[in-house]
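Each reported figure results from applying straightforward, stated rules to the coordinates on display, with no laboratory input. Note that this is a predicted model, so its numbers are computed, not measured. We place every Cβ from the backbone using ideal geometry, glycine too, and count neighbours over all the protein chains shown.
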Amino acid sequence: MTYTVQSLLKDYQKQGGVKQAKKLTFAGVGDRDVYNITAPFIDEGERVIAGRVEGRDTEYSDVFFFVEQEGHWVPRENTPTFSLQDPFVTTIGGQLVFGGVQVTPDPNDESKLTWKTVFYKGNSIRQLEPLTEGPEGMKDIRLLELQDGRIAVFTRPQGEKGGRGKIGFTKVNSLSQLTVETIDQAPLIEPHFTGEEWGGANELYLLENGDIGVLGHIAEFDEEGDRHYYPITSRYKIDSNQLTDMKIIATRRDFPEGSAKRPDLADVLFSGGLLFLENGEAELYVGVSDAEAHKAVVPNPFI
C-alpha cells in the first residue's frame, strides 16, 4: 500500500492523542542547540540521552551523551563525544551499537556536503570502537536483533533506487556481514511512499508476534519549498515484505512553540525514540525544527 502525508494526516486528525508535550532543557553546551535526540537508555547503570549538538549557522555537529540533573540534561562526565549528526542506539549480542551521520565536504564541490552513516560497538559508551559504515549518501540505516539472532537491517537509498528516500530491508547473520555492499543491495520494501514524498526508519522494536515495529518519519515539500516532517509508526511483516498500519503519531502543533534553525524547517519533527510505559502509553522523543528537543506521551502505537 502507498501511504501519503495527506491521507495519514487526515486519519491522525480524527484521533490525535498527544499529551504532556514539553521541551527538554540542556546545559553545558554553550550557545549551541541540542536536537534529534535518542530516547533515554541505560549505560553502566545510568540513564543517558544522546543528542545532536550544533550551532545555528552550521551543519557540522557533535553527538553528546547527557544525564539528567535537577531537571536539566547535562553532558555526562568522562564520556566521549562524536563528530556526527542524528545519533541512534540499539543492543546486539549484548553489546551497545551506536551510530550517526558523518558529514564531510563534497570532494567535487566544497560548497556542498556529503554524508554517510557510521557505526560503533562496545560494552558501554566509554568502550565504543569503530564497527562499519554505510554507503556514501545514505542516512537512516537502522539495526535490530531478531529472535533467531540474525540482524534486521533497514536502509534508506535515494536517487535512482529510492527517489527522494524509501526504506529497504535485508537480514545479516552477524555484524561482520554489515558491509557497504550488503546495505546498498538491500531490496526496497513494497511501495510505501510516493515519488514526491520521502521517509525513513529511526528506531526498531521486536514485537510479540514477530513483526518489527518501526518508528520513523514521512516528509514532503510544500509549494514554497518548506519541509514538513511527521513521526510515523508502522509494522513491518518480514514474510510479505510489507509495511502495514502506518500512522502519524504527532505533529509540530502538538508541541510548545519554539525556535527553528531556518524558516523552512519550522514544521519538522524528527523521531528519536519511544519508551513504552506500563499503562499502554509511550513517551515519544523528537527533534523539533532542527533546533530543539521535546518529548510527549502518546498511545502505544503497536497495541
(request) Output the peptides 8-19, 25-36 sorted from most to least packed, where packing is the average of other Cβ atoms within 10 Å over each peptide's residues. (result) 25-36, 8-19
(message) Need one number: nm distance between label points at residue 174 and residue 224, each 7 Å from Cα along Cα→Cβ, rounded to one decimal.
(response) 5.4
(message) Taking loop as defined by DSSP and a crowding limit of 14 other beta carbons within 10 Å, which trypsin sites (Lys or Arg not before Pro) in region 152-184 fit?
(response) 161
(request) May I ask you to list the lysines whose Cα is less than 17 Å away from that of residue 14, ignoring any residue fewer than eight positions away on the same chain? (result) 247
(message) Through the Karplus equation 6.51 cos²θ - 1.76 cosθ + 1.60, θ set to phi - 60°, convert the phi angles of region 53-60 into ³J(HN,Hα) values in whole Hz; use x for Gly and Pro.
(response) 10, 7, x, 5, 10, 9, 9, 7
(request) Return the long-range amide H neighbours of residue 163 (sequence gap of 5 or more, or a different chain), with a cut-off of under 5 Å between placed amide H atoms. (result) none
(message) Show me the GluC sites (Glu not before Pro) within region 8-77 that DSSP assigns to loop and that have at most 13 other Cβ atoms within 10 Å of their Cβ.
(response) 44, 59, 70, 77
(request) Could you tell me which GluC sites (Glu not before Pro) in region 205-303 are loop residues by DSSP with no more than 15 other beta carbons within 10 angstrom of their beta carbon? (result) 208, 223, 224, 257, 278
(message) Modelling each spin label as a point 7 Å along the Cα-to-Cβ direction, I'd like the residue 4/residue 279 distance in nm, to one decimal.
(response) 3.8
(request) Using the structure shown, select from 23/261; 139/171; 139/295 the pairs with a Cα to Cα distance greater than 20 angstrom. (result) 139/295
